[in-house]
Amino acid sequence: IRSTMASSVTGDGVREELRGQKSKKTKNQVDESELLTVPDGWKETPFTKDDNPRGLLEESSFATLFPKYREAYLKECWPLVEKALAEAHIKASLDLIEGSITVSTTKKTFDPYAIIRARDLIKLLSRSVPFEQAVRILQDDMACDIIKIGTLVRNRERFVKRRQRLIGPKGSTLKALELLTSCYVMVQGNTVSALGPFGGLKEVRKVVMETMKNIHPIYNIKTLMIKRELAKDPDLRMQNWERFLPKFRSKNLAKRKEPKKMSVKKYTPFPPSQPESKVDKELATGEFFLRESVKKRKKMEEIKVKQAEALTKKQEERNKAFIPPKEKPLMKKTTKEGKLDVEAIKEKVKKAKTKKLGAPPVNPATTTTTTTTKSSHQQKEQKKPKTNHL
């Protein structure tokens, strides 16, 4: 009994120790999460000359090449580039013969990270980013990312379609992405240049890479919009957002064609028979033993037969144009069976008799009146006595 009691006491002690360790772990985790969170409105203090009064030990430089079509723009904005880099005490040189831009530190440079920002500036300028946007990289809270998309898709037509899908109709998709990530995005050739805060650059890279993998950018834009609304709520800021985010499933899997099943041939230890050569075929037919003159004669006969067949075919094709087409048989009009209206035909005949060519139809009433008047005039003339004029 004592042994059992002692074991229970020791077990309770171990459990209490484990609980204490768990509570310590949870406290440490809470402390780490608090350290990782950045308070709202917090800004890092700028790096001044007092932080590094002695300057840099050695000179460091970076150089990048730019395409020919950027030469005219770089000539125009080069004084502004030199002025912006002179504030950080960095020297810049433009070589139009080689087509390169070089930046290097001087004795007055005190910020060791300024040369990295200058390198990013010349990279952005060479990738068709305008100077007004590229100068923002010299700020402390700005970063850039140049995403290479040229090698992600093998087919050129498919690559152009997906790149255009990223831009959208009249640049609407790209503008929505810029508003949600607060980054400037420039699609040029085989690269996508992005400029903005670190969190936004991460989202831009994700959207660009998934677009080139045939995932439409509108899905990622929807998730970014939902995340933006959830971040405004202080209660949901530290919670998991997976239950709020939409889950899109690909619909192309059902349309894919099933791979063809290859028929497996049975294994045979014997090798396949060799195909017959030209000499073997001649030996089988007996042509091998014929003279060359006979062989030539046979060949000529075969050629003449082929030529005759070709001529007959051509002649038939030419004669097709002279063959008249088959005429369709005329369909006889079937008269409707029924009794003839004799009275209607008589009326038509009477009307035809009264009509005169080139004159309007005459009414029968008018004709009777005219005939009666003429007859009366004739009777009066007959009754008058004849007078002899001397």
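The values are calculated or read from the model by the stated rules, or taken from the named source; none is laboratory data. None of these values were measured; they are calculated from a predicted model. Glycine gets a Cβ as well: all are built from the backbone with ideal geometry, and neighbour counts include every protein chain shown. Accessible surface is based on the protein model in full, side chains and every heavy atom, while ligands, DNA and RNA are left aside. Shrake-Rupley method; radii C 1.70, N 1.55, O 1.52, S 1.80 Å.
The accessible area of residue 219, taken with all protein chains in place and a 1.4 Å probe, comes to roughly 90 Å². Summing +1 for each Lys or Arg and -1 for each Asp or Glu among the other residues whose beta-carbon sits under 11 angstrom from that of residue 155 gives +4.
Atom-type composition of the exposed protein surface of the range 64-121 places 58 percent of the accessible area on carbon and sulfur (1.4 angstrom probe).
Around the Cα centre of the range 143-236, unit charges on the Cβ atoms of Lys, Arg, Asp and Glu (plus for the first two, minus for the last two) sum to a dipole of about 560 debye. Are any of the pairs 123/170; 68/206; 213/260; 43/222 more than 28 Å apart by Cα-Cα distance, and if so, which? Violating the 28 Å Cα-Cα cut-off are 68/206; 43/222. Residue farthest toward the positive end of the dipole of the range 145-233, with Cβ of Lys/Arg at +1 and Asp/Glu at -1: which of 147, 204, 179? Among 147, 204, 179, the one farthest towards the positive end of the dipole of the range 145-233 is 147. For residue 83, the aspartates and glutamates whose Cα falls under 15 Å of its own Cα, not counting residues fewer than eight places away in the same chain, are 132.
With 0.36 nm allotted per residue and the present C-alpha distance subtracted, the residue 304-residue 139 stretch has 50.6 nm of extension available. Surface analysis of the range 49-138 yields an accessible area of 60 Å² per residue, using protein heavy atoms and a 1.4 Å probe. 3J(HN,Hα) along the range 162-172: 6, 5, 5, 5, 5, 6, x, x, 6, x, 6 Hz, from the Karplus curve 6.51 cos²θ - 1.76 cosθ + 1.60 with θ = phi - 60°, whole Hz, x for Gly and Pro. Using a probe of 1.4 angstrom, how much of the accessible area of the range 179-313 is carbon and sulfur, in percent? So the carbon and sulfur contribution to the accessible surface is 58 percent. Note on the range 277-317: Cα Rg divided by 2.2 N^0.38 Å, N the number of residues, gives 1.60. Taking every alpha-carbon pair in the range 49-138 and binning the separations at 10 Å intervals from zero gives 17, 52, 24, 6, 0 percent.
Computed 3J(HN,Hα) for the range 285-294, one whole-Hz value per residue from the Karplus formula 6.51 cos²θ - 1.76 cosθ + 1.60 where θ = phi - 60°, is 7, x, 6, 4, 8, 6, 6, 5, 4, 5, glycine and proline marked x.
Candidate cross-link partners of residue 75 among the aspartates and glutamates, defined by an alpha-carbon separation under 12 Å and a same-chain spacing of 8 or more, comprise 95. Across the range 176-190, rounded Karplus estimates of 3J(HN,Hα) from the backbone phi angles (6.51 cos²θ - 1.76 cosθ + 1.60, θ = phi - 60°) give 5, 5, 5, 5, 6, 9, 6, 10, 9, 10, 10, 9, 9, x, 9 Hz, Gly and Pro being marked x.
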